[in-house]
Structure formats: structure tokens, C-alpha cells
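Structure first, then comments.
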Amino acid sequence: MIRFLLLSVLLLCCCITQAARITGTVTDNHGSPLPFASITIKGTTKGVTANNEGHYSIELSPGEYTLVCQYVGYTRQEKKVTVDANPQVIDFHLTQLQLSMTDVIVRPGGEDPAYAIIRKAIKKRKEYEQPLDSFSCEAYIKTLMRSISMPKKVFGQVIEESDKKEIGVDSAGKGIIFLSESLTRVYYKRPDKVKLEVISGRTSGSNEYGFSVPTFINFYSNDVRVLGDQLNPRGFISPIAEGALNYYRYQFLGSYFEDGKEINHIKVIPKRKYEPLFSGTIYIMEDEWRIHSLDLLLVKESQLQILDTLEIRQIHAPIPETGNSGRNAVWQVKDQTVNFSFKLMGFAVAGNFINVYNNFDVVPVFRKRFFNRVLMKYDSSGNLHTKAYWDSVRPVPLEPDEKENYQVRDSVYQYNRDSMGTKANRDSLLRKQGPVKVLQVLSTGVNRSNFKQPRPLHYTLDPLLSGIRYNTVEGIDMKIDGTVSRALPGRGGLLLFAPHIRYGFHNTRLNPWASLVLNHRVGGAISGNSEDGSALAGHQSWILAGGKQVAQFNDQNPMLEAVNDLYTVFFRRNYLKIYERYFVNLGSVTRLDNGFRLKLQARYEDRLPLNNTSDYSLVKYKDRPFTPNYPIELLTAPFVRHQAALTSASVQYQPGQQYVEFPDHRVSLGSSYPTMELSYEKGWSGVLGSDVNFDKWRFSVWDDANFKLLGLLRYRVTAGGFFNSRSVPVQDYEHFNGDRTVIATNYANGFQLAPYYALSTTASFYTTAHLEHHFNGLLTNKIPLFRRLNWTLVGGGNVYYVNGSDHYEEVFGGLENILKFFRIDWVGSWRNGRYYQSGIRIGLGGLLGGGFAGAAARKAGQTMGESR
């Protein structure tokens, strides 16, 4: 009986204190929904946001409250509500602002009143840029991407109905392709200390945490950063920046009163097209001259990259200080919606990022060393929360198709997860994968799995046609490259075997070799890390390789084989210089999360010269014989077969690393400091018959410096030399990347006009410097054709110096972001103080091409010299 009474009392208490749900719809005076309207509890920092259909939902404990509904461009509305245990429906019907123009007279030729308001806002900008010494708040982040349409084919491949179903669209290509939401706790301390703790996160159709980074957009900053640097590395100029009057025109549209304060409505108009400028409206509070709200737009003519349109809506609200009853309250962004759209390769996509900020604490107390190198930390149970949990914390109601998307895709994910490892599931995956086809073997490559859980076996085969090459040494040669890999038990381990076969049909030489790679994590588990976030963890790779292979004399592989094919066949230029080596190599690479990398290597090589065996070229040129197959800048005859026992070590470090910390691992975010590398290589005389005897070192520093509106500076400076050069074969010279083709070599680590081996040296000291500045729209936005095409300037120089009689310089200038991928430079060069030559170089550069160029450079380092 007592147990029954206690249970009854407990249930009664729960009913009394249970929060009630208030729901409703926000519409205009015509009944049309106002998407993403803001609903807050007056006098608090708590609030929610309506969804795209104007529906909102909020849970409140019993009591009396005043709900405040706001939407940019509409009159704010307040409604008092008494909350009990029963749900209620409270709708809001907002009317467009009735702006007053009383006492405002603009005479012909006179200045619009908006300018005086903007000047006062600019004067207060610095004060409001960082109004709080510190604060914390909760940020709800919802990310949505919808496919509006998609092409029937991509790169010639038909998009099957099964593919559409897998990504979540219907037969017309419409549907939600990405949906995530998260709840993140934000901590800030002046001037620039930030920490994010992801409390919970979910992504439709997976167990990922979702997009959990709030999109902070601060219009009090002179240079407004929107979603990182990819949309425009220069940033965008705020309508109230220090020099904003040089870029914008303003028009006073009127004012209205809210809580006894006058709010000025101002239209923002860019003075010129193709500048990083916003258009739209901004609301400035009279006397305080702060931002009340805004609705600003970026388009292609705003130098917006990737996206076609981006609209930012913000509502700012007062954040009462503790015990201050709202007096002297600071204002912060309460709700922010970023709508975007883009079309690319036939795909049309639209979406939004919704941020709702709640539960501000403007006098937080942080423990010692709270702000450390861990910038963002995920809760270990953050992706395990139930539907009921999300329904209770979500401040923006889901729309019907979003509910359906979660339900369908999460059910499919859970089914696949539950059935993983079963025979039925494996048979289904094998059927979907299908048999290996001839077309795959020849042109697209093979990528297969046996799907045996928990550690399936994967194997790949590169397309055979891409491995067919032509050079004067081997004639037509063919490469066959593949991999076989399997995950190891435990955390993040992988064992990979990579066989390679190369055969020259003209010189009839077979070169087989293989590598065995073991990747695994090092360091302890993340949980229980030291308080300052400095516990070390990372990845380590062990590599054992051996066999017989063809290699370039410069192991950085400056000559791309595909480019050499074209120049040999069509222009009778055989720039590729290669030799054979029997080799065995043992090495390890350790990469720690703190930016430290250690590479150790020991190898033995038996090096053999190769001669030209083919004189074929499709186009014949008089007086243009093929050159011998050795660096003619360094040798007058083929080198003598010899052996080399070598060891090397390099240490690379970038201080100031920051991390994202997941429950079981970390991901480095990089650093604002430059990267430094020191390397040393020793050639051992007499070891296993080795003929080499040298010691050489190299020290490099490189970084990117973003000057925002002034562009981005990229540099690399290197110094090095030989302590001992008693016996240095040509393969072990210090080589530099030269280029004799119209296709540009590595921009940040090469010389665009230098012969491939003309700068190679065994000097006791040398230095090189590479510098280029990407203007990112600066200057070209003043030139009509270029600004419309969004082509941008790039310029810089390269320097090599040994002494007063051995030096080389280049200067270059060009255009990049051509079709988003390409770059063209004019280059001039000087050798030992005399003009050498000039030429045009074409390469990858710009918004998309820059990324491909980096990937191509990394790939080139793996083709022929991978064993090193």
C-alpha cells in the first residue's frame, strides 16, 4: 500500500511539473506562412524558430509568459500565455512594417538620411564587434540540402533509378539529399578563444554526428567570412565596415518603433558589380546604432564562388546580464538562416543552414586550461539519442518530407546494419556489385570487396588502358597496378599489399615490384586525455618494398609520363630520363596529431643504366634527334652500374595545431603557423658493396598567408647542402623540379622554365625560394571582361642560389580560375645575371583546379618513386 501511495505521489508530481507544448503557425496578413520566423520568451534567452511552413513548437513549464514573434520586414507581435499541463495552439499573424517618413525631407542633390545613420553605426562597429569578454550558449544547427533536378548522365554514365533511390530522390531527381541537426555548446573568451562541445548530432540515414559547426557570421567585422574561405577567399565587405561608404550606396526606407525604440530601415546597394558586396536591407537601432536585424544577399556578381545565391537573415536580440533585469543588456544574434542554391554539371541544389542560439550565459566561469588545442569535442553518446530526445530539444519543427526522410532512411540504415554479416546481406551486396566486366578492366578500373564481416577483403585494379605509355627507352610500355587490403582487428589498422608489373615491349624488359604497408594508430585512447588537450595520438605506417623497377633520376618525378608521351610522339622531345634498379626498402612514417611527422628509411639499390631503343615519333623534325637517356646537363655518357646503401630521416612540424576530438580519435584542423621540415640523408660506402659516400641535409619552411581582401600569399623557402660529397652518383644529387613543356610543374616547389637537371647540385650550400600571390579578384574586378568571367590574377617568382656565379631567377604573372579549373602564366627567367628565356605555362589553378593540382602533385610522387 505504501509503495502504491509513493508511486502515486511521484506520478502526481511529474504531472504537475511536466512541461506543456505550445504550437502554432506564423503567417502574414494574407495567410501565407513566414518561414523561419523567430519566437522567443520575453525577458529570457530561450526561443525557437518556425520551419519552412511557418510552424513552430516550444515546451514551457507551467506559468505565465509573453511570446515574442519576429520576422525581418514585419511588425513584431507579442502574446501573453498562461501555461498549464495542457497543450495550446498560439498562432501569429504578422503585418508588413508600416514605415514612417515623418520629418524626412531629401532635397534634390541632398544626402539621403541613411548615410548619417550608417556613419554612426560604423563609429559604433568596433564596440559591438566583441561586446562580451566571454559567454557561452547553446546552438541548434540544422542543415538541409534538396535536389531540385539532376541530369540523366554524369560523365557519360547513366544515373539509374536505383542510384536515385539510394541518394533519396524521386524519378524526377527531386528530394532531400542531406539532412542533419545537432546541438552544440559554444564557449567564447576574448579576444579569440573558442571551444565547441557537440552535445548531440544526427544525420539522416547514418550514425554520423551531422554538421555541428555554427555558421557564425559577424557583420560588425570589416571583412565578413561566410562559410569559410571557399565561397570567396577575400571575404565580403560588411555594409557597416570602416570603408563601407566607398563601396555601398544607401537608401532610407523609413522607420518604426519597437519597445519604445526607433528602428531604421535601410536599403543596401553595391556601388559596383563584381565586388565582394552584399545587397538587401539592414535595420539599425536609433541612438544605440546597433544592428537590429538584416536580410542580405550574395550572388555571382558579388564574386560568390561555387554557389549561385546565398541569402543571410539574422535577428539580433538583447541578452540580459545575470541579476540585471535586462538593463544594459548586450545584443547577440538570436536566429540566423542562410539559404543557398547552385547549379553544377546539370545538378540543381538548394538548401539552408538554420542556427538558433539559446541559453546564453554572459558571465561564465571557465576552469583553468579550459581553452586548449581541442577546438571541437563530440560527446561519446552524441549520436545515440532517440527520436523522443530530438523531439524534445529541437527548436525548429520538422517539415513533413523531413520527417519522412528520417523515417525511411534511418529504417534502411538500421536494416542494413542489423543484417550486416548475414549470408542474405552478403549475397545481396555481391549481386549489386556484379561480376568484373571487360570494360572495367580496360577503362574504369576494378574495385571489389568480398563483404565478409567484420573485416572484408578489398581489392583494386587500375584500368589497363591508362597504364599504356610510350617513351624512347621502352617503346610502348604497359603497367599493371593493383592492391589487396584488409582491416586489422582493433582501432583503425589496415594491411595493404600492392603489386606492380611494368613491361617494355621494345626493350623487352620486365620490371615487377611490390610493397607491403601496415597502417595503424599510435597513442592511447582519447578518453582520459590530459586536461590541456595535449595527449599524443596519431597514425603510423610501416612500408616494406622490393623488386625491380624503372625510376626517374629525380625521385620527385618532375616529368609526367602522360605529358612525355605527347611530346615524344608529336614534338620529338624525350624529356623523360629513366634507369632501372633492383631495390629493397624499409621505412616508417609516424604522423602525430600535434603536427609532428617523423619519416625513417633504409634502402639498398643496384642501379643499371638504360639506353634508347626506339626512334619513333609520329611527326618528323629535321635536325631534331632524340637526346640520350641520361641527364645531358650533368653527364656526357651513361652512368656506370653501381650499388647504393642509403638511410634517411626527416622531421616535419607545424606548431599550434588545433583538433576536432571524436570519442575514439582526433582530426587535425591545421594551424596558423608555417610548416617546417628538416631532412638528412646518408650514403654508406662499403656497406654491401655500396659505392656511394655522401651526407646531405635540407631545411624547408612553407605556408599560406591570407590577407583577405588583398589576396593570398603562398611561399616556400629551402636551404640545404652536402656536408660530404666524396662519391655522389647523379641519382643522389640535390635535384629541383624543372620544366620544358607548356604544362606547368609544381607551382610552389618548381622552376617553370629551367631544364630538368640544369640546377642539380652537390654544393655545400644552396637556397631556393618560391613565392606566389593569388589576388583572388583584386584588380581584375575593375576590368569588365575579367570580372564577368571571374578570372583572377596571380603573380610571383622563383629563385635558386648557390653563389655569385651559380644562380637562377624566374618571375611570372598570369590568370587563374579559368573555367574554375585552369591557370595560364607568362614566365621570364634569368641565368647567372643574363636573360635566359620566357614562355607560357598552363596548369591547374583556381577554385576547383587548385585542389586538383595538389592531388596531381601527390599522385606524381607515387607513380615511379613510390618505393622511396
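The values are calculated or read from the model by the stated rules, or taken from the named source; none is laboratory data. Everything quoted here is computed from the prediction, not taken from an experiment. Here Cβ is always computed from backbone atoms with ideal geometry, including for glycine, and neighbour counts include all displayed protein chains. Only protein heavy atoms, including side chains, enter the accessible area calculation; ligands, DNA and RNA are left aside. Shrake-Rupley method; radii C 1.70, N 1.55, O 1.52, S 1.80 Å.
Have a look at the DSSP beta bridges in the chain and tell me what percent are antiparallel, nearest 5.
Roughly 95 percent of the DSSP beta bridges within the chain come out antiparallel.
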Using alpha carbon centers only, region 496-510 is separated from region 437-495 by a whole-angstrom value of 15
The FRET efficiency for F342 and V363, from their Cβ-Cβ distance with R0 = 45 Å and rounded to 0.05, is 0.60
Expressed in angstrom, Rg and Dmax over the Cα atoms of region 96-185 are 25.4, 66
Helix 400-419 sits off the longest principal axis of the Cα atoms of the chain, rounded to the nearest 10 on a 0 to 90 degree scale, by 50
Subtracting the Cα-Cα distance of N447 and Y256 from 0.36 nm times their residue separation yields 62.3 nm
Any aspartates and glutamates whose Cα falls less than 18 Å from that of K165, other than same-chain ones fewer than 8 residues away, would be D401, E402, E404, D410
Applied in sequence order to region 592-608, the curve 6.51 cos²θ - 1.76 cosθ + 1.60 (Karplus, θ = phi - 60°) yields integer Hz couplings, x standing for Gly and Pro, of 9, 5, 7, x, 8, 9, 10, 10, 10, 7, 9, 8, 10, 9, 10, 9, 10
Interchain or sequence-distant (5+) residues whose placed amide H lies within less than 5 Å of the amide H of V154 are I159
Any trypsin sites (Lys or Arg not before Pro) in region 294-380 that lie in a DSSP loop and have at most 13 other Cβ atoms within 10 Å would be R327, R367, K368, R369
1/(1 + (r/R0)^6) with r = Cβ-Cβ of L669 and K622, R0 = 45 Å, i.e. FRET efficiency to nearest 0.05, evaluates to 0.15
Placing each pseudo-label 7 Å from Cα in the direction of the beta carbon, D418 and V158 end up separated by a distance in nanometres of 3.5
Expected field for L307, accessible surface area in Å² at 1.4 Å probe radius, rounded to 10, holds 10
Magnitude of the Cβ-charge dipole (Lys and Arg +1, Asp and Glu -1) of the chain about the Cα centre, nearest 20 debye, reported as 1520
As straight-line cross-link partners of K368, the qualifying aspartates and glutamates (C-alpha separation under 13 Å, not fewer than 8 residues apart within one chain) are E531, D532
D691 and M478 label points (each 7 Å along its Cα→Cβ direction) are spaced in nm at 3.4
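I'm a student and want to see the number: the projected area of the Cα convex hull of the chain, averaged over all directions, in nm².
46.6
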Normalised per residue, the volume inside the convex hull of the alpha-carbon atoms of region 387-519 in Å³ amounts to 203
If unit charges are put on Cβ atoms (+1 for Lys and Arg, -1 for Asp and Glu) and the dipole of the chain is taken about its Cα centre, the option from H773, G235, Y604 lying farthest towards the positive end turns out to be Y604
Rounded to the nearest 5, the percent of antiparallel DSSP beta bridges in region 180-306 equals 95
Taking a label point 7 Å from the Cα of L496 along Cα-to-Cβ, the residues of region 589-603 whose backbone nitrogen sits under 14 Å from it are 589
Projected onto their principal axes, the Cα atoms of region 152-194 stretch, largest extent first, over whole-Å spans of 53, 22, 13
When the charge dipole of region 109-170 is computed with +1 at the Cβ of Lys and Arg and -1 at the Cβ of Asp and Glu, the Cα pointing farthest to the positive end, of I118, S147, C137, is that of I118
Output ordering of 232-244, 656-668 (per-residue mean of other Cβ within 10 Å, highest first) is 232-244, 656-668
Distribution output for region 719-772: share of Cα-Cα pairs per 10 Å bin in percent, first bin at 0, values 24, 48, 24, 4
Rounded to the nearest 10, the angle in degrees between the Cα long axis of helix 561-571 and the longest principal axis of the Cα atoms of the chain comes to 60
Rounded to the nearest 10, the angle in degrees between the Cα long axis of helix 2-17 and the longest principal axis of the Cα atoms of the chain comes to 90
Zone reached by a paramagnetic label modelled 7 Å from V436 Cα along Cα→Cβ, restricted to region 539-567 with backbone N below 18 Å, covers none
For region 331-399, the per residue accessible area (1.4 Å probe, Å²) is 45
Expected sort for 620-630, 806-816 on mean C-beta neighbours within 10 Å, highest first, is 806-816, 620-630
Using alpha carbon centers only, region 114-192 is separated from region 354-424 by a whole-angstrom value of 16
Expressed in square angstrom to the nearest 10, the accessible area of R521 with a 1.4 Å probe stands at 30
Ordering 161-170, 53-62 by per-residue average of other C-beta atoms within 10 angstrom, highest first, gives 53-62, 161-170
Compactness check, region 768-831: C-alpha Rg relative to the 2.2 N^0.38 Å globular estimate gives 1.37
With all protein chains present, the chain has a carbon and sulfur share of its accessible area (1.4 Å probe) in percent of 59
Residue separation between L608 and V742 times 0.36 nm, minus their alpha-carbon distance, gives in nm 45.2 nm
Partner aspartates and glutamates whose C-alpha sits under 12 Å from that of K708, ignoring same-chain residues fewer than 8 away, are D223, D229
Here the tail fraction of P(r) beyond 12 Å, over all Cα-Cα pairs of region 337-389, rounds in percent to 82
Largest-first ranking of T767, T82, T27 by accessible area, probe 1.4 Å, whole protein assembly kept, is T82, T767, T27
